[in-house]
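*Asks:* So that we are looking at the same thing, I have put the structure below in structure tokens.
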Amino acid sequence: MDELAPQCAELAEAKREHPWLKAAPSHALQQTLKDLDRACRDHGTFKVRWRSKVRWSPSFRFPDAKQISVERLGRKWGRAKLPKLGWVRFRWSRPLGGEIRSATVSKKSGHWFVSFLVDDQAVTPEKHAMPGTAVGIDRGVKVAAVTSDGDFHDREFITADQAGRYRRLQQQFARTKKGSANRSKTRAAMNRIMGRVTDRRGHFCAQTASRIVAKNALVVLEDLRIKNMSASASGTIEAPGSRVVAQKRGLNRAVLDKGWHRLELALVGAARYTGTTVVKVNPAYTSQRCSACGFACEENRESQSVFVCKAEGCGHTAHADVNAAVNIKHAGGQPVSACGDLGASGSAKQEPVSRATGRTPS
């Protein structure tokens, strides 16, 4: 905050020198400086870059609740009075549910939105309504989320017609000239399609998270490094355009499409209203370990969906994702050791052993 005060003073001087800065609300400009200061603190000054004018979605925030007034005009419409903008009419999509703290105006997919931060006076319960309940969640590219209870949570976020239209727009976009009006129109059409996809993904994650935390006092997730998992393979020893790079690109798209990180954020947010505890555990060998006897072997998972334990005297069979979710649940919030042992139960082998070679995988 000490470094931010001189910048605010410089902003006031700049507004006296440049009249066009006076057209913008002062609080919105100050909030932009705060966002810049926080980005420099979190990521380092030399790693902060200007946003691309093509990918940037404009937004500005009004933090002073005393200057914000909201009135309801009817069942579907309302209006808000914002500094420098006056009364703005908007579609009333949901009740405010509390005292307004701030307002944010943003543009997405060609439409302007206003969102209000409210204080709903909700307090996190000290104890969950069903204490002792727990669930493990396995996130995958085939099914978005599978629980240890055997529930499969998944949906398609883009229809076949929309996917086909998006591909045609991509081809059309590649043929347009940079800076042309046709390029802007094509980009806007692509953004409208992806905006609907993003909204469906957000609704799915919020709905799934609400259902899970309502029934469980403990939710266990894998501690996945999604950013590293979805990184491009073009920087490896494989040549750009090779089959390996193309396969990795398809996997990256599948990972990002399922919204793994957004589901995690939704679970953490929803848990505040139910008193649920969300923990993350080491994901090592959770897909290869038998949830019945603890034997870990890479041949246990015969396919994407079939798990058959190869240990003598066991032969446990289950859906592979459900088995992995049970292993995640067994971890119980305790980290898994480097050799793959779960905190709740020991394994027959210290590391998975390949029956074909008799060696541990490298």
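Taken together, the values in this text are just the output of simple stated rules run on the coordinates, not laboratory data. Predicted model only: the values in this text are computed from it and were never measured. All Cβ positions, even for glycine, are placed from backbone atoms using ideal geometry, and neighbour counts span all protein chains on display.
*Asks:* Report, to one decimal in Å, the Kirkwood hydrodynamic radius for the range 181-222 based on all distinct Cα pairs.
*Replies:* Kirkwood radius, the range 181-222: 12.8 Å.
*Asks:* Now a separate question. Whats the longest run of the chain with zero chymotrypsin sites (Phe, Trp or Tyr not before Pro) that are DSSP loop and have at most 14 other Cβ atoms within 10 Å?
*Replies:* Result for the longest clean stretch: 57-362.
*Asks:* Please order Ile137, Ile212, Ile193 by the number of other Cβ within 10 Å, starting at the fewest.
*Replies:* Exposure proxy ranking, most exposed first: Ile193, Ile212, Ile137.
*Asks:* Can I ask one more? Among Lys53/Lys185; Lys107/Lys215; Lys108/Lys280; Lys53/Lys280; Lys108/Lys258; Lys215/Lys280, which pairs are too far apart, with a Cα-Cα distance over 25 Å?
*Replies:* Beyond 25 Å: Lys107/Lys215; Lys108/Lys280; Lys53/Lys280.
*Asks:* Under 5 Å between amide H atoms, partner at least 5 residues away or on a different chain: which partners does Ala318 have, H built in plane at 1.01 Å?
*Replies:* Sorted by chain and number, the residues that satisfy this are Phe307.
*Asks:* Given contacts defined as C-alpha pairs under 8 Å and at least six residues apart, what's the relative contact order of the chain, whole-number percent?
*Replies:* Worked out over the chain, it gives 13 percent.
*Asks:* Rounded to the nearest 0.05, what FRET efficiency do Lys127 and Trp92 have when you use their Cβ-Cβ distance and R0 = 35 Å?
*Replies:* Computed FRET efficiency for Lys127 and Trp92: 0.50.
*Asks:* Among Pro95, Pro131, Pro58, which one moves the most in a GNM of the chain with springs linking Cα atoms closer than 10 Å?
*Replies:* Pro95
*Asks:* In debye to the nearest 20, how big a dipole does the range 59-119 give about its Cα centre with +1 on each Lys and Arg Cβ and -1 on each Asp and Glu Cβ?
*Replies:* 320 debye
*Asks:* Right, another one. Mind jotting down the distance between the C-alpha centroids of the range 113-167 and the range 168-203, whole Å?
*Replies:* Spelled out, the Cα-based centre of one part sits 27 Å from the other.
*Asks:* Ok, one more. What number, in percent, do you get for the relative contact order of the range 134-281 if the mean sequence gap of Cα pairs under 8 Å and at least 6 apart is divided by its residue count?
*Replies:* With pairs under 8 Å counted, the relative contact order is 30 percent.
*Asks:* Next question. What are the aspartates and glutamates whose alpha-carbon lies under 16 Å from the alpha-carbon of Lys142, with same-chain residues fewer than 8 places away excluded?
*Replies:* Those aspartates and glutamates meeting the cut-off are Asp151, Asp154, Glu156, Asp257, Glu302, Asp321.
*Asks:* Over the chain, what lengths in whole Å, largest first, do the semi-axes of the equivalent ellipsoid take, defined as the square roots of 5 times the eigenvalues of the alpha-carbon gyration tensor?
*Replies:* Semi-axis lengths for the chain are 45, 27, 21 Å.
*Asks:* Another question, if that's okay. Can you tell which of Phe116, Cys40, Tyr166 lies farthest toward the positive end of the dipole of the chain, using +1 and -1 charges on the Cβ of basic and acidic side chains (Lys, Arg; Asp, Glu)?
*Replies:* Tyr166
*Asks:* Based on other C-beta atoms within 10 Å, arrange Thr104, Thr147 from fewest to most.
*Replies:* Ascending Cβ contact count within 10 Å gives the list Thr104, Thr147.
*Asks:* Right, something else. Give me Thr159, Thr198 ranked fewest to most by other Cβ atoms within 10 Å of their Cβ, as a rough exposure proxy.
*Replies:* Thr159, Thr198
*Asks:* So which trypsin sites (Lys or Arg not before Pro) in the range 198-287 are both in a DSSP loop and have at most 11 other Cβ atoms within 10 Å of their Cβ?
*Replies:* For trypsin sites (Lys or Arg not before Pro) across the range 198-287 that sit outside H, G, I, E and B with at most 11 neighbouring Cβ atoms in 10 Å, the list reads Arg225.
*Asks:* At what distance in angstrom do the alpha carbon centres of the range 12-72 and the range 280-310 lie from each other?
*Replies:* Centre-to-centre distance over Cα atoms comes out at 50 Å.
*Asks:* Among Val197, Val54, Val146, which one shows the highest mean-square fluctuation when the chain is modelled as a Gaussian network with alpha-carbon springs under 10 Å?
*Replies:* Val54
*Asks:* May I pose another question? Name the longest site-free stretch of the chain, where the excluded sites are GluC sites (Glu not before Pro) in a DSSP loop with no more than 13 other beta-carbon atoms within 10 Å.
*Replies:* Within the chain, the longest run free of exposed GluC sites (Glu not before Pro) spans 157-301.
*Asks:* For a test of the definition: using alpha carbon positions, the gyration tensor, and the 1.5 limit on a/c, classify the range 173-285 as rounded, prolate or oblate.
*Replies:* oblate
*Asks:* Something else about it: Taking 7 Å along the Cα-to-C-beta vector as the label spot, tell me the Gln7-Asn252 distance in nanometres, rounded to one decimal.
*Replies:* A separation of 3.1 nm, rounded to one decimal place.
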